[in-house]
Amino acid sequence: MVIRPVPSRRHAIAEDLRYRISSGHFKPGERLPSETQLATHYKVSTSTLRSALALLQGESLVDKIHGKGNFVRRPLRRITYAGGVAALASWTAFSAPSRLTVRTATIEAPSHLTTLLNVPPHSSLTEVLFATHEGKTPQGLAHIYVPNDLAPITPPLPEQIVVRQADFLPPPLSEVHERVTARLPTGEEATTLRISCSLAVLSLTRVVTDDVGRVVEAALLVLPGDRADAVFTARPTTDKRSSKE
């Protein structure tokens, strides 16, 4: 006789909510009953109920929005990040047309940025924070840093304005170096992207240099791992000496 393990209460609750979502009882974008109401319905503590919801958040079935509640996530549109020199500016590399919100600031370069940008300690940098959205759904984050003497001479951008990708011109570039890692998000990243802290993100570090080898831009990008692909295309160069022989 095979003895099957009895599912824990949190797994049983998650399974029931999963079925109710897949069957259409709770529709995409709909707010779930409050955690107190659900805990009462399932006759469990609030902590057990939240543990069950965390499973669904980790599966990208439910979004928890601070101060508003838990919502059935709408079908996710996948994002493709196309790396390499073909991507002239950090956000022209995304396949999905996105709405951008932007904040700018002038900062003193911390140690990790002095190394990344190859600038002296305490150098003044222009920081541009981008957040992309597909409708109301956050899609990605980027902190872009440019030495102040290379920053475009334009009026300061007000906080939280909405712009089009075409409003930003790429810097002159010769080489783009990119490193991609998978990691867990910080608490701030998870909140901004509306993802679970247990969902991995793609973290891209992008460094752009000009024709004389000076770093003109460093970008730190974060993309939710449940909907993002990073694609890099190499174009082999032809040896001119061989072609002449």
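The values are calculated or read from the model by the stated rules, or taken from the named source; none is laboratory data. None of the values given here were measured: they were computed from a predicted structure. Heads up, the Cβs are rebuilt from the backbone with ideal geometry, glycines too, and the neighbour counts pull from every protein chain shown.
Kindly provide the set of residues from segment 28-69 that are on the phi > 0 side of the Ramachandran plot and in contact (Cβ under 8 Å) with a residue 12 or more places away in the chain, ordered by number. I'd like the intermediate steps shown before the answer.
Residues of segment 28-69 that are on the phi > 0 side of the Ramachandran plot, as a first pass: 29, 43, 60, 67, 69.
Answer for segment 28-69, where residues must be on the phi > 0 side of the Ramachandran plot and in contact (Cβ under 8 Å) with a residue 12 or more places away in the chain: Gly29, Ser60, Gly69.
From the set of residues in segment 117-128 that are out of contact with any helix residue (DSSP H, G or I) (no Cβ under 7 Å at 6 or more places or on another chain) and buried (at least 17 other Cβ atoms within 10 Å of the Cβ), which is nearest to Glu178 (Cα to Cα)?
By that ranking, first place goes to Leu117.
Please work out which residue is nearest to Glu134 (Cα to Cα), limiting yourself to segment 36-77 and to residues that are of a type in the set (Ser, Thr, Tyr) and in a loop (DSSP other than H, G, I, E, B).
Ser60
Taking the condition of being surrounded by fewer than 19 Cβ atoms within 10 Å (Cβ to Cβ) and among the acidic types (Asp, Glu), how many residues in segment 46-78 meet it?
Residues flagged as surrounded by fewer than 19 Cβ atoms within 10 Å (Cβ to Cβ) and among the acidic types (Asp, Glu) within segment 46-78 amount to 1.
Taking the condition of being under 23 Å from the mean Cα position of the chain (by Cα) and not in a helix (DSSP H, G or I), how many residues in segment 190-215 meet it? So that I can check it myself, show each step before the final result.
We begin by selecting, within segment 190-215, every residue under 23 Å from the mean Cα position of the chain (by Cα); these are 190-208.
Checking which are not in a helix (DSSP H, G or I) leaves us with 194-208.
Qualifying residue count, segment 190-215: 15.
Kindly indicate which of Pro185, Pro236 is modelled with pLDDT of 85 or more, in a loop (DSSP other than H, G, I, E, B) and of a type outside the set (Ser, Thr, Tyr).
None of the other options fit; the residue is Pro185.
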